[in-house]
1. Only one of these is surrounded by fewer than 17 Cβ atoms within 10 Å (Cβ to Cβ) and assigned to a loop (DSSP other than H, G, I, E, B): LEU1189, LEU1197. Name it.
2. Residues that are of a type in the set (S, T, N, Q) and farther than 26 Å from SER650 by Cβ: which helices (runs of 4 or more DSSP H) entirely in the stretch 680-763 hold 1 or more of them?
3. Out of the residues in the stretch 787-822 meeting the condition of being in contact (Cβ under 8 Å) with a residue 60 or more places away in the chain and open to solvent by 60 Å² or more (accessible area, probe 1.4 Å), tell me which one is farthest from ALA764 (Cα to Cα).
4. So in the stretch 619-656, with the set limited to residues that are at pLDDT 80 or above and among the polar types (S, T, N, Q), which one is least open to solvent (accessible area, probe 1.4 Å)?
5. Tally time: how many residues in the stretch 457-472 are assigned to a helix (DSSP H, G or I) and surrounded by fewer than 16 Cβ atoms within 10 Å (Cβ to Cβ)?
6. Out of (1) over 13 Å from CYS1122 (Cα atoms); (2) within 58 Å of the chain's Cα centre (by Cα), the odd one out for LEU992 is which?
7. Of all residues in the stretch 1268-1290, which are over 44 Å from the mean Cα position of the chain (by Cα), more than 19 Å from LEU1129 (Cβ to Cβ) and modelled with pLDDT of 90 or more?
8. Just the residues that are among the hydroxyl-bearing types (Ser, Thr, Tyr), farther than 18 Å from LEU808 by Cα and either open to solvent by less than 50 Å² (accessible area, probe 1.4 Å) or in contact (Cβ under 8 Å) with a residue 12 or more places away in the chain (or both), please, taken from the stretch 711-754.
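The values are calculated or read from the model by the stated rules, or taken from the named source; none is laboratory data. Keep in mind that this is a model prediction, so the values were computed, not measured. Here Cβ is always computed from backbone atoms with ideal geometry, including for glycine, and neighbour counts include all displayed protein chains. Note: areas computed on protein heavy atoms with side chains; ligands, DNA, RNA excluded. Shrake-Rupley method; radii C 1.70, N 1.55, O 1.52, S 1.80 Å.
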Amino acid sequence: MPLFNRKSQESLWHQQIEARIAAQRFPDDVGEFSFPIEDLKKVTSQYLVKRKLESISTKCDEQLERLLEAQKFGDLVGRLSAFVSCLPFLSPSSARSLVVANIRLDGATTSHAELQLLLRFIVIAQEINGGSLREEELDYVSRLIKFASPQINFLGTLLKDHFAQEKTLTSKNALSTLNISHLVDGACKRFANHLLTLEQNGKLFLAYVESSWFSKIANDAEISRTLNNNISEWKSWTEWRPDTSRLKRWEKLTDDHIALLQDLLVLEGRDTTGSGKGTLLEALDSRRSRPSDSISCEAMVITPAGGDIRAELDNLFDGLDAALGIGPNAVLLFAHLCGQGQANARTVDIISAIEQAGVVATASKAVLDFFISISNNSKITYINKIKDTNKLVAIMRLLPVLGSNDRLRQLLSSVLSSEIGPALRAAQDTLATQIRKGGTGETVGMRIFSFGSLLTASEWLQPFFSTEIQIFAAGLPTEDKLLAVFKHRVAIREDGLIFEHEETSNFLMATLAGRGTSDQGAHDMALGLATVYQRPMDSDRRAITVFFTKASKDYNIDSTLVKQCLDELHEAQDWFTKGLASILIKRSDTLDLTCAQFMDLLMQLLQRDPHMHSECWRKLWLSMFEVHIPQILGLMAVKLSLSSWFQWTSNLHALIGTGNPFVASNIDLEVFFSWTGTLKSDHSLALGRLEKALNGRRDLRWIYLRETEIAVSLLHLLDSPTDAPLREVENVILSRLIPEGGNASAICAALSRLSKSSEVGIEACRAVVRRYDKSRQEISRAIFSGWLKDEGLSPSDRRTIESVGALLGVNSLNESEVIVAKAILVKEYEAVIKSANSFDSLRIALKLDDAPRTKVILAQLGIEDTSISGVTNLDVPPSLIHYIELVDDGIYELSFPIVQMRPFKRKALGVPTTSRMIIVRLNLRYGFSSPSFCVHLDHGMKPEDNAEHTFWRTSRSSGAPNRSFCGQPTSRFLYHASRALWKHLQEGVETLESAYNAMSKILEDLSHQCLVCGTSLGRLLRSSVCSGPCSFSLSQAALEVRLEDLKSDSPVVDALLAGIYAAAVLNRTDVTLLPGCPLGNSVIKAELGYFPPMSSFKDISSFATDVRALGQTAVDLLSWTCTTYRGFLTSATHGLRIPSMPNVHQFVLANAAPGLESAFATNFATYGSTVLFHGTSLDRLYCILREGLRVVSGTGLQQHGATSGHGIYLADEPSTSTGYFGSASSWRGSAYQNVGVLLACEYAGPPSRSIGIQVVTDPSMVIVRYVFLCPHGFVAPMRKDIVPAIEIACSSLRSGSV
C-alpha cells in the first residue's frame, strides 16, 4: 500500500506540474514562456507535506533529485518548470548541481528561443535559491541576455565586452562550455536588419548615429570577423559621409512625406553600389560620362542645368528645406512636382514664390490642390488623403492666390489657362446630367456661376480666354435671378413634386451648362415662373401651379387656358385647392388615376356649384381626359365595384355632357354610355353574381367597356336565378374567369352543360369543386377521377365534369398517385371520425340535460337522432352516461360508436359503411342473472320500431342465436356478435358498467374469435371457424351469413369458383385438389354450367330468394366454397391495388387460415419477411388458398421438375414465375377466362444462396398475400416496379392501418 501511494503521489506531482504550465505555453515561441513560479512551488510544497519530508535536507534533496530524474516532460519548458518547482526546497549545493546540469547544452542543437528560456531560468534559479550560481556566472548570464534581447542598440559595446570576457572565462564557470555563437550571430543579424529598416523608412539621421561605431572597431580583427560573417555590408556604413545637418533637418518629415520623397532622399544615403563613395549621389555622379548626363534613382530623374549635379541636388534639397519651413502642404507639393518629373529648378521657384506669399498655408494648399486636380497619374498615395481635388474648385481657390502674387502668377499662368476650358466643360457636363435626371442642379450650377464670376474679375487672366470662355462669361445671368430659379426648383422637390421643369431646365442648360441656344422668350418664361413661385401662396396652390405649368406641354393644353386657371387659383375655395393639390402631389399610380381623381373633385364642385362658374377647370380636365380616355375607363373598371362603376359612369356622362367630340380617342363615348345603360337595366343580376364569384377581382373591363358576343352570352347564362347546389358549382366556374375574358368561351360552355346536367351530374360537380384545393391537388384529382369512373354517370354528365375539371386544371390520377391520395384521404377520414365522436358525445350530453329541446335543435340542424328513446336513467354510471340509456322499464340501450372503424375492417366484419353505431338492447326485467338481448346496426333501426323488439334469452336451453330475430335481416356480423354476446351473458350481468365494458371488448376482438364458438384464433383481420363442428354449425346458418362475400365482394367468389371448376375439369383421381368437397367433379361442372355471373348477386334486396332459386346443389356448392377455405380473400382496391399491372385481376389474401397465419407469425418474428413469387395453374388455386403452399415434390401433385431438391419453388422476379402458369379452363359465367395464377408471397426464413430462386422446405415460412389472375399474353413487370407497393400493403395489413 505505501508503494502504491508513493507512485500515485509522484504521478500526481507530474500531472499538477503539467496543468500549471499548460495555460502559459506558447507553442510558436518557447522564448515567450513565463514560469508560473508560485503555482509551481505550491505543487512541490504539497508533495513534500504528503511525503512528510523537511525542505533543504539530505532526504529532501535525494527525493527531489529522484523525482526530477524520473520526470516525464519531453520538452524544455516542462523540464525547466519541474526544476523551478523544486529549487526553493533544495540545498544550495544540490540546486547548483541541478542548474549546471541543465545549462550544459549544445548550442548547435539549441534554438534561440530555447536559449532565451534557459537564460531566464538561470536568473530565476538564482533568485529562488541563492547558491545556484557564482557571481562571475551571473555576470556572464546578464551579458548573454543582452545578446538575446530583440532590441540591439549597443552592439559594438556588447561585442567588445564579450570578446574581452571570453578570454578570461575559466572552467570553473558553469557556463564556460555553453556554445553561444549563434546567440552572437543572431544579435548581429538583428542589428543589421534594424539599420536596413531605418534606411528604408527614411530615418537616415538615426541610421547614421547608430552605425557610427562601425568605423571605431574597423581594426579589431575578432569583431571584424564576426561582422564579416553576419553583416556583409557593414563597411559601406563606415564609408558613409553625408551632410548630417541636412539629415537632422529631415527628421521633421512625416512618414507620408518620406514615402513620397524616398527616391530623392536616398541620394544623400550611403553608397549601396559598392563603389566606396561617401554617398549614393557621389557614386552615381562618378558613373556619368558627360556633364549633361542625368542621374536616376528608381523613379527620380535629375538633369543638371549647368553640368554640376551636386549643385543641382543641393538646390533641390534647399527647396525641400524651404517647403519644410512653410508646412506640410508645401512638402506634399514639392514631392508631387518631383514625382511628376519636375525635380528641377522650377519646382524650387514655385516653393520660393509660395514662401514669399502673404498667407503661405493658404497659398501652398491652393497650389497643391490645383496640381493634384490636373495630375494624370494615381501613384501618389497621399492624393487619397486630400478630399476636394475637383479641378473647377481647385482653380477657384487658386485664382485669388495668383491675383496677389506676381511671381507665382508668372510661373503658373500658362498651365492654368490651359486647364480652365476642360474644368468648365466637366462641370457643365455634370450640371447637364443632373438636370436631365430631374435634379435641381443648384450646387453645381452656383459653382459654375461663381467660377464665371471669378474669371470675369481676374483681368490679368482675360487675355488667355478662349472664344468659348468669352461667350460663357458674357451670357451669365445675374445672381438674384439665378437664385430665384434654383429656389423654385428646390422648393418643388421639397414639396414632393419631383419632375423636370422644361422652362427652367432649358434656361440653366443655355446659361450655365453650355447647351442649347439663348432664347430670350424661353428665358423670360422660366424667370416668370420662378417669380410667380415666389409670390406668397400656400403649398397647395404652389403645387397646382407647378403641375399645370408642366401639363400645358405634356397634354398640349392651350397656355391661355392654363393661365386662366392659375389666375383663378388664388380665389378658389381652400377645400378645392387642398383636394386638387393632394391629387397632384400624391399621384403615385398613373396619370390616368390622377385624371380620374380630378374628375371626382370636379363632380363635387359641380354639386356645390350647379352652374359651374369655374368653367376653366372643367375645360382643363376635358383637355387632359381626351388623351387618356381608354386608360381611365379601364382603370376605373378595375378599381370600382359594380354599384360604384354605375355611379361613376353616370357622373362622367354628366360632366362631359353631349356634343363634346374626342378626336384623339378611339372610343365612341355615346356607344359606351348606351352599353353601360343596358348593363345596368338588363344585366345587373348577372354582373352581381359574377362580381361575387370573382371575390373581389374586379377586372371586368372586357364586359364594362364594350359590347361583345361572348360577354352577352355569359350575361344571358347568368341572368336567371338558380338553386343553391347549381349556384355553388357556377360560382367556382366563374371564379376561374381570367382577366380580359380569355377563357370566357370555356366558361360559357361549362355553364351551359351544367344547366342541362342531371341531379347526379350536378352532385358530382359539387363534390369536385368542394374538394378543389390548389395546394392539395392530389385530393381534387382523386375525387375527379372517382366520379369519371362512376358507371352511373351519363355521357352528358361526364362531359360536364370534364369541362369543370379542365377549368380547375384537374386531371385523372395514375395508379401510384392513387396510393398517395388514399393516404391523405384516410388521414382526413380519421380526423372527421374524431370530430364525429366528439359531436356525438355532445349530442348525448345535451339529451341527458334536456331531451325535448335537444330533439328540436337536432331537427332544425337536419341531424338524425339515432337514439330510440328520450327516457334517461340517472343511475347509469357517470362514465357511461353518454352510451347507456334506459328506454323502458328494465330495458337498457347500450350504444357502441363505430364511426372510427376503418372501411377495410368494416368489410372484414360485414359492417355496412353507412353504420355509425352498434346498438345492444339489454332486457333486465327478469333480473341481472337472466338477461336477454338483441343486437342492431343503427342504419337498420328506426325510433318507431321500439315496440317490436324481440329479445334472445341467454339460458342454455335456448341455445346460441343461429337465425334472424328482432325484425332485422341477419348478416355475418350480427350472427357473430349475437353468438359472442350470448356466450358472455350466460353468466348473467353484475353491473351495467361491467356489462358494457365486457361487450366493448368482445366487439373489439370479433375478428380474432371463432365465428361460431368464440374460441381465440390468434390475430386475424377476419374471423373464421376453429374446427369441424363449428364448420358444420356455420353451414346451417342463414345464407346471408354463409355467403357474405357473394353479397359484398362477388369477384372473390367468382375467382374461388374458377379455381374449383378448373380442378373439377382436371378430374384427377390420384390426388385431391378439392379436399372435403361434398360434390363430385361432374356435379360441380354441371352446376356451374348454369350459374349466372356472380356480379348479378351484388347488393340485391332479394338475395336469399335469388340464391335458393339456383337449387339446393348450387346452394351447397356456394356454401362450401365461401366457408371452408377459412381465409379472408378480398378484391385489391384503392391503396391495396398494385400499380404497374394493368388488366390483371388482383386479390389480397388479408389473412390465410388461422393455423397457417399462426405458424408463419412465429417465423416472421425471427426473420422478418421478403416478397417472392410463385406461378401455378388455376386448378391449384383453391387447394393453395385452403391449405397453403406445400412441399409436393415427389408426389402426384408435383407439376414441374425439382432440379434444386424438394421444396416450394419461389422466384425473385415475377417473370420467372409466369413460365409456370399452365393452362386451365373456367366456368361459363366467370369473368376469369384463360388466366394464369401469379402468387405474391411473404417469405420468412433465412436468405437463399441461389440467385433468383428460393427453394423452401418448411411451408410455415411461406404465406400467400396476393393472387394475380393474369390474362393470356401477360408480360410481367420487373420486381422493382411492384415489390415496394406489395411490401407497403403487407405492412399496412399487419399494422391494421389499411
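1. Values: LEU1189 fails: surrounded by fewer than 17 Cβ atoms within 10 Å (Cβ to Cβ).
Every option except LEU1197 fails the conditions.
2. 709-719, 724-735, 744-755
3. Filtering the stretch 787-822 for residues in contact (Cβ under 8 Å) with a residue 60 or more places away in the chain gives 804, 806-808, 814-816, 818-819, 822.
Filter again for open to solvent by 60 Å² or more (accessible area, probe 1.4 Å), leaving 806, 814-816.
Values: ALA806: 15, ASN814: 20, GLU815: 22, SER816: 24 Å.
The extreme case among them is SER816.
4. THR649
5. If we filter the stretch 457-472 for residues that are assigned to a helix (DSSP H, G or I), which is where we start, we get 457, 459-464, 467-472.
So of that shortlist, the ones also surrounded by fewer than 16 Cβ atoms within 10 Å (Cβ to Cβ) come out as 457, 459-460, 462-464, 467-468, 470-471.
Count: 10.
6. Looking at each condition in turn, LEU992 falls short on (2).
7. To start, the set of residues in the stretch 1268-1290 that are over 44 Å from the mean Cα position of the chain (by Cα) comprises 1268-1275.
Now drop any that are not more than 19 Å from LEU1129 (Cβ to Cβ), which leaves 1271-1275.
PRO1271, PHE1274, VAL1275, listed by residue number.
8. Within the stretch 711-754, the first condition is being among the hydroxyl-bearing types (Ser, Thr, Tyr), and the residues that meet it are 713, 720, 722, 735, 745, 752.
Subsequent filtering for residues that are farther than 18 Å from LEU808 by Cα retains 713, 720, 722.
SER713, THR722 - these are the residues of the stretch 711-754 that are among the hydroxyl-bearing types (Ser, Thr, Tyr), farther than 18 Å from LEU808 by Cα and either open to solvent by less than 50 Å² (accessible area, probe 1.4 Å) or in contact (Cβ under 8 Å) with a residue 12 or more places away in the chain (or both).
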